[in-house]
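The values are calculated or read from the model by the stated rules, or taken from the named source; none is laboratory data. Keep in mind that what you see is a predicted model, and the values were worked out from it rather than measured. Cβ placement follows ideal geometry from the backbone for every residue including glycine, while neighbour counts extend to all protein chains displayed. Heads up: the accessible areas ignore ligands, DNA and RNA and are worked out on the full protein's heavy atoms, side chains in. Shrake-Rupley method; radii C 1.70, N 1.55, O 1.52, S 1.80 Å.
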Amino acid sequence: MAVTIKSAREIELMREAGRILAIVHEELEKYLRAGLTTADLDRRAEEIIRSYGCIPSFKGYGGFPASVCVSVNDEVVHGIPTDERIIRDGDIVSIDGGVIYKGFQSDAARTWGVGEISDEAAELIRTTKESFYRGIAQAKAGNHLYDISKAIGNYCEERGYGVVRELVGHGIGRELHEDPQVPNFEQGRRGMKLRAGMTLAIEPMVNVGTYEVDFDEYDGWTVRTRDGSLSAHYENTILITEGEPEILSIRGNGGK
């Protein structure tokens, strides 16, 4: 497994990529409202990304046709933005995106409610976000990779949620997807030891119902919950340090 340890210069570039992506998500949260189409969100995202001199990581990646993934309600990830999909009050919307800044990547996702959402939807979003923080509490040099996985999965499953198993987090750096893979559920072993300088995209994908998902055979991208239940997604790019992990895709490294 070829896991890269980033130099001080590379980390600085990734910090800037993460800072810009955090701004993109902040602006999209302000922009999001009922009546927009998912393509409206994509166009706004690309406009912001390019205004900072960055490239949208996702556009053209593996043939993906848009700058961000926009997934609504039972769509887990990789929803393709279109002018036909209209966002309505009560929807939950996950936006997953990345930016390339001077050759280095950042990757982050958020799920937001539109207007009045159900208590079930609100608790799903809260749990998914909190599970990320439970996971990165284990993301320290000397701990093991799957300590992160176990913390995320156990937190969600103890609350009755399904944690998606067919999609996982990943390393990140010059490439959007690098080694290692980071599952969001408990593994049978502890995995590799974490070292300062590793950069990871940690991204729990959590369903109200079963963990099982289906891949859209028509568009080749969209992943939905098999039982039609709601799904939420929360992701950040993080840096392993000698102390607490640094969240690169939240400004101020922090607050929830």
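Can you grab the distance from the C-alpha centre of segment 72-125 to the C-alpha centre of segment 3-46, Å, no decimals? Using only Cα atoms to place each centre, the spacing works out to 13 Å. Taking 0.36 nm per residue of separation and subtracting the Cα-Cα distance, full extension of the segment from R165 to S51 would add 37.5 nm.
Determine the share of the chain's accessible area contributed by carbon and sulfur atoms, expressed in whole percent, with a 1.4 angstrom probe.
Numbers: 4960 of 10870 Å².
About 46 percent, which is the carbon plus sulfur part of the accessible surface.
Between N143 and E175, 0.36 nm times their residue separation minus their Cα-Cα distance comes to what?
On the way: separation 32, 0.36 × 32 = 11.52 nm, distance 2.43 nm.
This chain segment gains 9.1 nm when fully extended.
Normalised by the number of residues in the chain, the mean separation of alpha-carbon contacts (under 8 Å, six or more apart) gives a relative contact order of 23 percent. In percent, how large is the relative contact order of segment 153-201, given Cα pairs closer than 8 Å and 6 or more residues apart? Computed value for segment 153-201: 37 percent relative contact order.
Sequentially through segment 45-60, phi angles give Karplus couplings (6.51, -1.76, 1.60; θ = phi - 60°) of 4, 5, 4, 5, 4, 6, 5, 9, x, 9, 10, x, 4, 7, 5, x Hz, Gly and Pro residues having no value and appearing as x.
Once backbone amide H atoms are built at 1.01 Å from N, N143 has L194 as its partners under 5 Å, excluding neighbours fewer than 5 places away on the same chain.
The residues of the chain present an accessible area of 42 Å² per residue when probed at 1.4 Å with all protein chains retained. With n ≥ 4 as the cut-off for DSSP H runs, can you work out [θ] at 222 nm for the chain, using -39500 (n - 2.57) per run divided by the number of residues, rounded to the nearest 500? Result for the chain, helices only: -9000 deg cm²/dmol.
Model label points for R33 and K102, set 7 angstrom from Cα along the Cα-to-Cβ axis, are 3.7 nm apart. Computed over the chain with a Gaussian network model linking Cα atoms closer than 10 Å, the most mobile of L36, L200, L145 is L36. Under 5 Å from the amide H of A66 lie the amide H atoms of G60, each residue being 5 or more positions distant or on a separate chain, with H modelled from the backbone and absent for Pro and chain starts. Its alpha carbons give segment 150-256 an Rg and a Dmax of 15.0, 46 Å. How high is the FRET efficiency from Q187 to T4, r the C-beta distance, R0 22 Å, rounded to 0.05? Efficiency, from the Cβ-Cβ distance: 0.50.
May I ask you to rank F64, F215 by accessible area, largest first, using a 1.4 Å probe over the protein chains only? All intermediate terms of the calculation are to be shown ahead of the outcome.
Details: F64 10, F215 100 Å².
Reading off the accessible areas and sorting them downward yields F215, F64.
Converting phi to 3J(HN,Hα) with the Karplus coefficients 6.51, -1.76 and 1.60 and the offset θ = phi - 60°, segment 162-168 yields x, 9, 4, 10, 8, 10, 9 Hz in sequence order, with x at every glycine or proline. Among the listed pairs K6/K140; K30/K140; K6/K193, which have their C-alpha atoms separated by more than 27 angstrom in this model? Listed pairs above 27 Å: K30/K140. When only alpha carbons are used to place a centre, segment 180-236 and segment 133-174 end up 9 Å from one another.
For the chain, modelled as a GNM whose springs connect Cα atoms under 10 angstrom apart, the maximal fluctuation among R224, R134, R126 occurs at R126.
Normalising the Debye intensity of the chain to I(0), with uniform scatterers on Cα atoms only, and taking log10 at q = 0.09, 0.12 Å⁻¹ returns -0.35, -0.64. In order along segment 31-38, the phi-based Karplus estimate (6.51 cos²θ - 1.76 cosθ + 1.60, θ = phi - 60°) of 3J(HN,Hα) comes to 6, 4, 6, 4, x, 6, 9, 5 Hz; Gly and Pro are listed as x.
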